[in-house]
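First up is the structure itself, then whatever we jot down about it.
The values are calculated or read from the model by the stated rules, or taken from the named source; none is laboratory data. Because the structure is predicted, anything quoted here is derived from the model rather than measured. In this analysis, Cβ positions are derived from the backbone assuming ideal geometry, glycine residues included, and neighbour counts consider all displayed protein chains.
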Amino acid sequence: MKRVLIYDDDEDILFLSGMILGAYDYSVEVRSRCEDIIHDIELTKPDIILMDLAIPMIGGEKGISLVRDSPSVKNIPVILFSANADIEEICKNTGADGYLKKPFNIEDLRKLIEATLIKVQASS
């Protein structure tokens, strides 16, 4: 079972995404803050991370930067999801592995997760 770690400040998105992805046989962990992001990742050992840009404390961009700078977790794929109009550019600038603009269709989220995991697996 693949593990997904979701960072978002919206409790409804955390709840719904967790329930729906769980129905697709993903093990889902959720966080509404990311000040201890490296510790969270090392603890949960996710196969993929979903990161909102507006996450409290350090924000999604800084969160991704910390992930990419940490030797122990830097290879875990990160997908941004946000209503930010510049999400595509932010995705490129942060080194995220993909993005999904809010509001999103849960089927599009599932497909993006699967495609990203397949891509990462093929490159390893």
**Request:** Look at the stretch 12-54 and say how many of its residues are of a type in the set (Ser, Thr, Tyr), buried (at least 20 other Cβ atoms within 10 Å of the Cβ) and at pLDDT 90 or above.
**Result:** 1
**Prompt:** Within the stretch 67-80, can one find any residue that is under 13 Å from the mean Cα position of the chain (by Cα), free of Cβ contacts under 8 Å to residues at least 40 places away in the same chain and farther than 19 Å from residue 120 by Cβ?
**Reply:** no
**Asked** Within the stretch 62-80, is there a residue that is among the hydroxyl-bearing types (Ser, Thr, Tyr) and touching an Asp or Glu at 6+ places or on another chain (Cβ under 8 Å)?
**Response** yes
**Request:** Select, from 122, 115, 96, the only residue that is out of contact with any Phe, Trp or Tyr (no Cβ under 6 Å at 6 or more places or on another chain), of a type in the set (Gly, Ala, Ser) and either assigned to a loop (DSSP other than H, G, I, E, B) or under 21 Å from residue 12 (Cα atoms) (or both).
**Result:** 96
**Asked** Is it fair to say residue 67 is out of contact with any helix residue (DSSP H, G or I) (no Cβ under 6 Å at 6 or more places or on another chain), at pLDDT 95 or above and in a helix (DSSP H, G or I)?
**Response** yes
**Request:** Just need a number here: residues in the stretch 14-57 that are assigned to a helix (DSSP H, G or I) and in contact (Cβ under 8 Å) with a residue 60 or more places away in the chain.
**Result:** 4
**Item:** Complete set of residues in the stretch 55-79 that are surrounded by fewer than 23 Cβ atoms within 10 Å (Cβ to Cβ), among the aliphatic types (A, V, I, L, M) and farther than 16 Å from residue 10 by Cα
**Value:** 66, 73, 76, 79
